[in-house]
Amino acid sequence: MDKPEKLAMQTPNLADGNFAALSRLFPNAVTETIDENGAIVRAIDADVLAQEINTRVIAGREERYQFTWPDKKKSVLLANASIAAALRPCREESVDFDTTENLYIEGDNLDVLKCLRETYLNKVKMIYIDPPYNTGNDFVYEDDFAGDADEFLSRDGQFDEQGNRLVKNLDSNGRFHTDWLNMMYPRLRVARDLLAEDGVIFISIDDGEQAQLRKICDEIFGSQNFVAQVIWQKRTSPDARKKISAGHEYVIIYAKNGDYLDSALNLLSLTKSDAENFKNPDHDPHGPWVSSDFTAQGYRPNQMYKIVTPGGAEYTPAEGRCWKNVESIFLQQVAQGRMWFGIDGKGVPRRKTYLSERPGKNVWTWWPNNEVGHTQEATQELKALFEHAAPLFDFPKPVRLLRRIVEIATNAKEDDLILDFFSGSATTAHAVMQLNAEDGGTRKFIMVQLPELTDEKSEAYKAGYKNICEIGKERIRRAGKKIKDEAGLQAQDLDIGFRVLKLDSSNMKDVYYTPEQYEKLGFDLEGFKDNIKPDRTDEDLLFQVMLELDIPLSAKITQGPETSNGSRTFSVNDNNLIACFGQVDTALLTEIAKKHPYYAVFRDSSFISDSALVNFEQVFNTYSPNTTRRVL
């Protein structure tokens, strides 16, 4: 009897896929070589590849333009490397766990992004991140755990709950920029995979690392996909302690694919003050309008005619300028009532633009704080929301800033997905809910945050928030309730919930090998049937299976009634997946098969008897032959 296929329960190694792709395209370039350990390994012959693509391939030390730093190659390998990890659900910290489509994920964001990569590949419409600015006091994620405990403590670091080491990147560090780049590069590499083809990423940064950030983004996203570097006026007044104080930060914007940029970004909505600029002094039936200069720079002979206004005044273009249109088009616009010559009909010709023709206004790269908020406003927002006199979070971003970003990069009615993997105080989630309440949108968010410990002397710690995630989750709870209460009936269906997931080691036992490794090491497969860690729940297993099968982690989950064997089935997205990790007999197998799920997943050790295992394939072949069956 053929055994059902086992789930891998780990993320793929992207280098394997890249090698396979090259092998398919250029099989004659595939070769073997000996590595530093004397083992024979696969390789690509650069000379043969150069001949095949009929262009120049740079190899070795030949000079070329590039941006590099120590450990860059290691950063690339880190982005591609597989991991064996799990995202474990936490119902008690969630809001509307069974119905919400929003996610809050705790853990090192590189590992979390890798867990999400296959399931959310090309599905995220917008990414916003506010990473550490590398000011000398920021903690950076250290992915190299070399060094003993004494060395670690001397560098004034700490561990997060997953054992990841956080280190203050002081400017006295000889690897000051290197450590920051090694932290950012692999995370942006994986993040790009998640972006949809018409997706856009926004990154907040200051002067300290903006030059380095631009360079790595040019490499990862492509310089041709650079959109803009926005200047955000973050302060309302200069810092009196400094002769030249920074009043701005940047928001750097890249598209996944610049070919989609016209459809990827929206105009800004007109504000009340914008609309008030449109008047209708001549009672034009087309409604309120504004007028603009009817001349253009340059000399074009067919656009140099004389205009006689209704009041008898005569005008020709000023020196160095011409009319915007040829005379025949001008006369059509006069007939349409689109030209304005002043109340007395003797004014310089100006062309009307109607309010009805302006669905919005163009975005430019100067964002003043009166439009999108400032740092002091952001601090006051949090203090008011938490009803706390002192700030609980350092340097949050204002909701208005994130609201603008979400508005110009997403569509209200298309279930657009927004990701923030340095979510901090969760301003992005707050802004998404706020904008959804205003325009009836159905945008969804995924927040990712390392559970970095709060300082024991901080106001946050004294208020009971032991790590940053606790602040972020509470902010979403409070903001969601406030937004829904203020919106009233129009926000009855507003999703203000979030499903909490926490990064952890794999649900498989610590000694876990792939089937290929089992065979190579000579292990008895039968001895590893019960390969699940004893502290893991059925729901833990379900979420790892969902990731394996590329089912969104926000999918609707329903639990069936408990069977006589004490088992319980899970149905995901109306029987797209049915899973059971408890005792399974032939009767339960038959009941599940008759529901015709697309996937059916069981635990390898769950079959109650040999007969149930023997009947497994036969039952599905009889009642649901098209169901894909898997075991773990």
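The values are calculated or read from the model by the stated rules, or taken from the named source; none is laboratory data. Quick caveat, the model's predicted, so the values are computed rather than measured. Don't worry about glycine lacking a Cβ; one is built from the backbone with ideal geometry, like all the others, and counts go over all protein chains shown.
Structure data summary
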read-out	value
The stretch 572-585, residues that are part of a strand (DSSP E or B) and in contact (Cβ under 8 Å) with a residue 24 or more places away in the chain	VAL572, LEU577, ALA579, CYS580, VAL584
Failed criterion for SER223 (all others in (1) assigned to a helix (DSSP H, G or I); (2) polar (S, T, N, Q); (3) in contact (Cβ under 8 Å) with a residue 24 or more places away in the chain hold)	(3)
Where a residue in the stretch 232-255 is touching a residue at least 12 places away in the same chain (Cβ under 8 Å) and assigned by TED's automatic domain parsing to the domain that holds SER204 and its partner, wherever it lies, is loosely packed, with under 12 Cβ neighbours inside 10 Å and of a type in the set (Ser, Thr, Tyr), with Cβ under 7 Å and at least six apart	none
Matching residues in the stretch 455-490 - criterion: being more than 25 Å from the chain's Cα centre (by Cα) and surrounded by 19 or more Cβ atoms within 10 Å (Cβ to Cβ)	ALA460, TYR465
Test: residue in the stretch 593-614 that is modelled with pLDDT under 90, part of a strand (DSSP E or B) and among the β-branched types (Val, Ile, Thr)	no
Where a residue in the stretch 531-550 is in the same structural domain as SER605 (by TED's automatic domain parsing) and its partner, wherever it lies, is crowded, with 17+ Cβ neighbours inside 10 Å and in a helix (DSSP H, G or I), with Cβ under 8 Å and at least six apart	LEU547/CYS115; LEU547/LEU116
GLY311 being part of a loop (DSSP other than H, G, I, E, B), surrounded by 11 or more Cβ atoms within 10 Å (Cβ to Cβ) and in contact with a Lys or Arg (Cβ under 7 Å, 6 or more places away or on another chain)	yes
Residue in the stretch 243-264 that is surrounded by 16 or more Cβ atoms within 10 Å (Cβ to Cβ) and farther than 30 Å from LEU194 by Cβ present	yes
Qualifying residue in the stretch 78-96 (condition: assigned to a loop (DSSP other than H, G, I, E, B), acidic (Asp, Glu) and modelled with pLDDT of 85 or more)	yes
Test: residue in the stretch 104-119 that is modelled with pLDDT under 90 and small (Gly, Ala, Ser)	no
Residue match in the stretch 442-451 (condition: in a loop (DSSP other than H, G, I, E, B), surrounded by 22 or more Cβ atoms within 10 Å (Cβ to Cβ) and either at pLDDT below 95 or not polar (S, T, N, Q) (or both))	yes
Residue identified as closer than 30 Å to ALA409 by Cβ, among the aromatic types (Phe, Trp, Tyr) and outside the structural domain of ILE127 (by TED's automatic domain parsing) among PHE278, PHE294, PHE330, PHE341	PHE278
Candidates ALA389, ALA384, ALA378, ALA412, filtered to the one that is hydrophobic (A, V, I, L, M, F, W, C) and in contact with an Asp or Glu (Cβ under 6 Å, 6 or more places away or on another chain)	ALA412
Count of residues meeting criterion [within 25 Å of ILE476 (Cβ to Cβ) and part of a strand (DSSP E or B)] in the stretch 358-383	1
Matching residues in the stretch 97-128 - criterion: being more than 14 Å from ALA555 (Cβ to Cβ) and assigned to a loop (DSSP other than H, G, I, E, B)	GLY107, ASP108, GLU118, LEU121, ASN122
Extreme residue, surrounded by the most Cβ atoms within 10 Å (Cβ to Cβ), among residues of the stretch 345-365 that are among the charged types (D, E, K, R) and modelled with pLDDT of 95 or more	LYS352
Residue count for the stretch 485-525, restricted to those that are assigned to a loop (DSSP other than H, G, I, E, B), over 21 Å from VAL432 (Cβ atoms) and at pLDDT 85 or above	2
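So that you can scan it fast, the table gives a plain yes or no per residue for (1) surrounded by 19 or more Cβ atoms within 10 Å (Cβ to Cβ); (2) of a type in the set (Gly, Ala, Ser); (3) under 21 Å from ASP98 (Cα atoms):
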{"site": "GLY560", "(1), (2), (3)": "no, yes, yes"}
{"site": "THR586", "(1), (2), (3)": "no, no, no"}
{"site": "ALA593", "(1), (2), (3)": "yes, yes, no"}
{"site": "PRO597", "(1), (2), (3)": "yes, no, yes"}
{"site": "ARG603", "(1), (2), (3)": "yes, no, no"}
{"site": "ASP610", "(1), (2), (3)": "no, no, no"}
{"site": "LEU632", "(1), (2), (3)": "yes, no, no"}
